[in-house]
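Working notes, beginning with the structure itself.
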Amino acid sequence: MERKVEICTRAYRILTEEVGFHGCDILFDPNILVVATGIESDNDNAVNFIEATRIIKSTLPYCKVSGGISNISFSFRGNNAVREAMHSAFLYHAIRAGLDMGIVNAGQLAVYEEIPRTCWNWSKM
């Protein structure tokens, strides 16, 4: 997460201070990476994107943040119900952190509030 913020901050400073862009003309994609791959270093990818979004939006005035939402669920290809629930839950939290736009398949997006709570393992959260 720190590296994502560092890169966006450096780019923002160059664009606004050296090139003359206004912050509202800058769109960052801090790169959402796949989760649940079995590789320990991937465990926090979704949370890192959300936290990076929160920091970017609070420290880099007027910029926008975007992300390719389907990236988080590549390890669940073929299991559309899980992918839809993951995308909806991710969007719900990312939007609250400041996500301005996301690349999604809107036709395969569940409504967060309508995902059956039996799908969540609350004891691990």
Q: Excluding residue 9 itself, calculate the net charge of residues whose Cβ lies under 13 Å from the Cβ of residue 9, where each Lys or Arg counts +1 and each Asp or Glu counts -1.
A: +2
Q) Using the membrane-span-like helix rule (whole DSSP H runs, Cα extent along the own axis of at least 15 Å, mean Kyte-Doolittle hydropathy at least 1.6), which helices of the chain qualify? A) none
(Q) Sorted from largest to smallest, which semi-axis lengths in Å does the alpha carbon gyration tensor of the chain give for its equivalent ellipsoid, taking the root of 5 times each eigenvalue? (A) 29, 15, 12
Q | Placed amide H near residue 64: partners under 5 Å, 5+ positions off or other chain | A | 26, 27, 28
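The numbers here are math on the coordinates, done by the rules we state, and not lab data. Every value quoted in this text rests on a predicted model; they were computed, and no experiment measured them. All Cβ positions, even for glycine, are placed from backbone atoms using ideal geometry, and neighbour counts span all protein chains on display.
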